[in-house]
Structures are given as structure tokens and as C-alpha cells.
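Peer 1: Provided herewith is a single structure, encoded as C-alpha cells, for subsequent inquiry.
The values are calculated or read from the model by the stated rules, or taken from the named source; none is laboratory data. On a predicted model such as this, the values are computed, not experimentally measured, just so you know. FYI the Cβ positions are ideal-geometry reconstructions off the backbone, even for glycines, and counts take in every protein chain you see.
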Amino acid sequence: MNSSKLTFVHITDTHIYENDQRVFELSPDPPNKRARLMVEQIQQLPFNIDFILHTGDVVWDPTVANYEKASEILSALEQPIHYTIGNHDEAKMLQRVLLKKPEAEVTDTHHYDVMVKGTRLIGLDGIHENIIPKATIPEDQLQWLDQTCAQDESPLVIAIHHHPFPNDVGCAFLDQHMQLTNAKALHNILKKYASRVRGVFFGHIHQSTTLMLDGIFYSGSASPSFHISSDETIEGIVVDPQGVPEFSVIRIDGPQTYLRRYPFQG
């Protein structure tokens, strides 16, 4: 299948709240302020963007009011926005408020595939309980992923919220608390299509992190709201004072994936 050059922006973990002035313990500034600044920076990019990929935790708590505020802030972006579900999100509510789906089309989980300029974007939905950091991709969704990847020879972009590294990285915070519990099962499926996978993009851990394994490129983008330290001696959630808000721009051209981080002032 023929594919064209593709450029998209990866954002994540905006944690938007209905009150623009609300400040949380971990966030040095109101998350809404940071989200608006990020939107302004994206709007000023001097090149065309095909879509925005938001890899979850759109809001701080999954309420209609919070999603309505997120819609207000993010609708300033002109490009289509594709979402994955974070542990602070609720799949049905996100579909109703942000995607404005009719009730008959609202599903229990929000996993999907969509073709953009000959590249297949696949969004996965890791199931979690309440807002605990861990998640698991259901077996039927993994089977769906395998079948979807096998449909044709198009390039693949995979999106998920939770930390999907299949092997430990030596940081208890990441390895024990934030992970996708069946990340190895996901990786084993993607290995079958490694020559076509242009990247696996995720959020959740509030830091810029990359991994190249078995020919598969994993990339997590930092949050605009706050950074989390991943020092190997830290076991809990600790804000990294050196972190800066950012988003990423990804360009896919044939077999090549080019990624650039865009930090901005909070």
C-alpha cells in the first residue's frame, strides 16, 4: 500500500480541570494554563500537521465538566485529535464529550484503527481499575491488534497510554507501578510486523523516554503539566524540578521515523 509523508504532534497527560485556576500538589502551575500554552506553541509551528495524537490522561478526574473544559481548550487546534484512554480518563465519557459520538456508537473500551495518508494508526486501551497506575490489554484486544496489523502492508503507528516497555529498566517506579502488565505480549505481536512499525507512542510516565528493541521504536512524551523523576532510587511519584513541559513532533517518511522534542516555557 502506498503511503505519503506523515507529520503529527504527540501530546499527553494534560490533566485538564474544569477550574482554570486549580493547582494540584504535583503541578507547579494550573494544568489548564500549561495546556493552553502548549496549544499556542503547536499553533505556531511553521509547517503542516496531519493530526494530533493525545495519549491519555486528558483530564485530572473523569467528569463531564472536566471533559467540557478539555474540549474548550483543545478545540483551538485545527487538526483532528486522536485519543487513547489514560488511567484518569473514562472511555465512554471521553467518547461522548470529546469525540461527540452518538450513544449507539459509544463502546466500553476505546481502541480503534484509522488510516491517515496510507499509514495505519492503531489506538489501544489498557484496562485499569479506578485510577491505579497499572493496566492490562485484554486478550481479545490483543487478538484484534494482531488481525488489524495483518490486514495489509501499510506502515503502522501504535498508540497507548501506559508504559509499554517489555523489559525492566531498573527503576522501581516505572517497572513496578506504571507498567502495562502484559507489555511482553504486546511486544511479541508487534515483532511480527517490526519492519512496518514506525513507532509505539505512549504517555503516563510524564517524561521523555525512548527505547529501541527488536527493531521497534518506543517513545514517551513528557507532560505539559509536570515531570516525574525516574531516578532508580525513587519508588514513588516525585516531581522532577529539572523537567520542562513539552510535546513531540513526529515525521514519518517511508521507513524513516524522525522525532523532535519541543520544550516550552510554563
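Peer 1: Answer yes or no as to whether Asp231 is at negative phi, under 19 Å from the mean Cα position of the chain (by Cα) and among the acidic types (Asp, Glu).
Peer 2: No: the conditions fail for Asp231.
Peer 1: Could you tell me whether Ile250 is out of contact with any Ser or Thr (no Cβ under 6 Å at 6 or more places or on another chain), in a strand (DSSP E or B) and in contact (Cβ under 8 Å) with a residue 12 or more places away in the chain?
Peer 2: yes
Peer 1: Of the residues in segment 1-23, how many are buried (at least 19 other Cβ atoms within 10 Å of the Cβ), among the β-branched types (Val, Ile, Thr) and either touching a His at 6+ places or on another chain (Cβ under 6 Å) or part of a strand (DSSP E or B) (or both)?
Peer 2: 3
Peer 1: Assess whether Leu37 counts as being crowded, with 18+ Cβ neighbours inside 10 Å, out of contact with any Ser or Thr (no Cβ under 7 Å at 6 or more places or on another chain) and at pLDDT 95 or above.
Peer 2: no
Peer 1: So the check is Cβ under 8 Å with 6+ separation or different chains; which pairs have a first residue in segment 193-204 that's over 20 Å from Asp57 (Cα atoms) and a second one that's in a loop (DSSP other than H, G, I, E, B) and among the charged types (D, E, K, R)?
Peer 2: What qualifies is Ala194/Asp214; Arg196/Glu153.
Peer 1: Then there is this: Of all residues in segment 35-51, which are within 16 Å of Ser75 (Cα to Cα) and either assigned to a loop (DSSP other than H, G, I, E, B) or within 17 Å of the chain's Cα centre (by Cα) (or both)?
Peer 2: Answer for segment 35-51, where residues must be within 16 Å of Ser75 (Cα to Cα) and either assigned to a loop (DSSP other than H, G, I, E, B) or within 17 Å of the chain's Cα centre (by Cα) (or both): Ala35, Met38, Val39, Ile42, Gln44, Ile49, Asp50, Phe51.
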